[in-house]
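Accompanying notes for the structure given below.
The values are calculated or read from the model by the stated rules, or taken from the named source; none is laboratory data. Source: prediction; values computed, not measured. FYI the Cβ positions are ideal-geometry reconstructions off the backbone, even for glycines, and counts take in every protein chain you see. The area values use the complete protein model at the heavy-atom level, side chains included, leaving out ligands, DNA and RNA. Shrake-Rupley method; radii C 1.70, N 1.55, O 1.52, S 1.80 Å.
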Amino acid sequence: MGLGFYFCIVMVPAFWILALIFGIFKERAAKLLSGFNTLPEYEQEQYDRAWMARDERNNFLLWGGIMLAGAAGSLVWPYAAVAAYCLWLILFFKDVRLDARKAFQKYKK
């Protein structure tokens, strides 16, 4: 087992524990989202927190699955872990916004 396996397999429980937190606490877990807790309380009420938590839970489950596939693939092909991290970075950065209002625009009620 190479280094890529260990880099990927460590991320799987981290992502799945975060998915579990967002699954259990549902709309209360929206406070954990970066940028959302900086919005004023009256503005936070304008967003669908349950939808936000569900999307984040699904993202964490997907990311954990990608890392698991990267760990399994790195047992056969050492560069599978690199491919998994590249795919994860693409999926991660497609949702990153510098402005909190733009980041949560699709969750507006």
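A 1.4 Å probe run over the protein chains yields, for the chain, 64 Å² of accessible area per residue, whole-number rounding. Projected label points at TRP77 and ASP48, each 7 Å from Cα along the beta carbon direction, are separated by 3.8 nanometres. The label-point distance for ASP99 and LEU3, in a model that sets each label 7 Å from Cα toward Cβ, rounds to 4.1 nm. Helical content of the chain, expressed as a calculated mean residue ellipticity at 222 nm, amounts to -21000 deg cm²/dmol (DSSP H runs of 4 or more residues, -39,500 (n - 2.57) each, divided by residue number, nearest 500). Value of Rg to Rh for the stretch 42-103, rounded to two decimals, is 1.15; Kirkwood radius and Rg both from alpha-carbon coordinates.
So which GluC sites (Glu not before Pro) in the stretch 1-87 end up in coil per DSSP with only 13 or fewer other C-beta atoms within 10 Å? Of the GluC sites (Glu not before Pro), the ones in loops of the stretch 1-87 whose Cβ has at most 13 other Cβ atoms within 10 Å are GLU45. Please state, rounded to one decimal and in Å, the Kirkwood hydrodynamic radius that the stretch 15-59 gives when every pair of distinct Cα atoms enters the mean of 1/r. Averaging 1/r across every pair of different Cα atoms and inverting gives 10.5 Å. Remark on the chain: Rg and Dmax equal 16.0, 52 Å (Cα only). In sequence order, the stretch 82-87 has phi-based couplings of 5, 4, 5, 5, 5, 4 Hz under the Karplus curve 6.51 cos²θ - 1.76 cosθ + 1.60, θ = phi - 60°, and Gly or Pro positions carry x.
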